[in-house]
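What follows is one structure encoded as structure tokens, with my remarks underneath.
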Amino acid sequence: MRKSSFDKWLMTLALVAVIAGAVWHFVKSNRVAPEQRQKQTGTESASFDAQDFHPYYVSSVSRPTNGQSEGDAGFEKLPRAKVEAWLTKHNRDATSLLTAFRALNDTNYLNEAATNFPNNPHVELAVLAHNEFPADRRKWLDLLKASSPSNSLANYLSAQDYFGNGNTDAAVQELLAATGKSQFDAYNTDNRLDSENLYSSSGDSPGETATFAMADMAQEDLPHLATFKRLAQGIRDAQQQYLNSGDTGSTANLAQMGMQFGNQIETGDSGKYLINQLVGMAIESIMLQQLNPNTSYDFLGGQTPGQVTQQNKQQKLELRQTISAFDVLRPGLTDEEIAGYYDRTKIYGEISAMKWVIQQHPPGNP
């Protein structure tokens, strides 16, 4: 089967990620293959392979069990006894249950959270991210929309579901609703902070704590990116339908809504993470493909699709250069520097944090 343009774009992003090398090896940990949870809303997998996108996005970080060395088999993640003690300390509230789920990848914790806290938006979003209850997906989408009326992410997820079920008109209405909202929040940083709380309480060093927390946060982020991909494909297909009927105005309107969608992924808290910036750019590229590359559009600031596409290419080149320079320094960073890097990602974003590390290690400075 011939790959879509989006798939080709994502393969390019994978090459960018490879430049940055493997997952942090600062801590004495060993990565194991993530469990393959193949729940699907359509014909595609509900998640992407983390390694295809970003070297720090891993869905499983493990450590040796008692009496084992790094080279031994039988690695486990954070000991369950420590997680259970932490849950007791926090009265098994919604936040602690979700954090335990991310740490151990045990859906029993997610199900407990869904049963006890169905009106918590963090719980609702986690249920949707992992498609925990496929038969009741519309119910959970409506719950999220009700509990987070100002969060456009709820509308985008709902739009993808409608596209997947062939209800284009309802999907477009959700896109219209999303365009009127400035908030776009997948709770990425909140999830990281919650995981840091767990790992730091277990005696991990600051660098280890930050690394493990980043990996756990990715378990929530990566499935969303798969949904975003399907949504972009749904918008593209709708654009083609309008083009086939000669309705260029509706094609441009959909492009404008899709561009805002990509921009919201690239900016705000979501945009602090490199992978989200890259996926947002990929979505924008898809939205522009159905437009005349040499025609100026008001929603592009008077620029042509060709000009915007060229700007995206330049931005991607600059990102690649920063990643390459950072990767050279990565193996020699101390635990303190690792923790400092991750702290800055939460405030300024990954690329700014990488540039900060590069500035701390000018050429010629041993």
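Read-outs: derived from the displayed coordinates by stated rules, not from any lab. The model shown is predicted, which means the values in this text are computed figures rather than measured ones. Neighbour counts are summed over all protein chains in view; Cβ atoms, including those assigned to glycine, are modelled from backbone coordinates with ideal geometry.
Quick look at the numbers
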read-out: Leading residue at positive end of dipole, the range 224-366 (Cβ point charges), from T248, L225, W356; value: T248
read-out: Cα-centre dipole for the range 129-261 with unit charges at Cβ (Lys and Arg positive, Asp and Glu negative), debye to 20; value: 520
read-out: 5 angstrom amide H check on Q303, placed H, neighbours 5+ away; value: Y297
read-out: Gap separating the Cα centres of the range 147-223 and the range 258-297, nearest whole Å; value: 17
read-out: Under-5 Å amide H pairs with Q183, H placed in peptide plane, nonlocal only; value: S152
